[in-house]
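The values are calculated or read from the model by the stated rules, or taken from the named source; none is laboratory data. The structure presented is a predicted model; accordingly, all values stated were derived computationally and were not measured. Virtual Cβ from ideal backbone geometry, glycine too; neighbours counted across all protein chains shown.
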Amino acid sequence: MLRWGMILLFVPSVVLVTLYMLEAQDAARCVQASGSWDYVMGLCDMANHHDVVPFMARHGFWVNSGMLVSIIGLAMTTWGMILRGMGIAKDDD
């Protein structure tokens, strides 16, 4: 349970941050080329100016689902650590 909890805790966050950073990298390239990034369409537009639409607003289901899975993973990890028990330190005296 501890191993699966850790997987569920970290994988959604890593996936969401990776997707966000890939999109941010594309947007930065577009702006450096004197364009405007269309966040809704995911395209670089050289003619029009587009407002910034947050990642959460565009992918709300995936962000909320990922955070829910992470909370479940946190609960599983905590429960697994409780069941496993605290390690008992041995005195080497």
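Quick notes on this structure:
- Residue match in the range 14-23 (condition: touching a residue at least 12 places away in the same chain (Cβ under 8 Å), surrounded by 12 or more Cβ atoms within 10 Å (Cβ to Cβ), assigned to a loop (DSSP other than H, G, I, E, B) and in contact with a Gly (Cβ under 8 Å, 6 or more places away or on another chain)): no
- Qualifying residues in the range 46-93 (those that are of a type outside the set (A, V, I, L, M, F, W, C), at pLDDT 95 or above and surrounded by 13 or more Cβ atoms within 10 Å (Cβ to Cβ)) - the one farthest from the chain's Cα centre (by Cα): G73
- Of residues in the range 42-78 being in contact (Cβ under 8 Å) with a residue 12 or more places away in the chain and either in contact with a His (Cβ under 8 Å, 6 or more places away or on another chain) or among the aromatic types (F, W, Y) (or both), the one farthest from I7 (Cα to Cα): F55
- Of all the residues in the range 28-75, those that are in contact with a Cys (Cβ under 8 Å, 6 or more places away or on another chain) and in a loop (DSSP other than H, G, I, E, B) number 2.
- Criterion violated by A28 - all others in (1) touching a helix residue (DSSP H, G or I) at 6+ places or on another chain (Cβ under 8 Å); (2) surrounded by 11 or more Cβ atoms within 10 Å (Cβ to Cβ) satisfied: (1)
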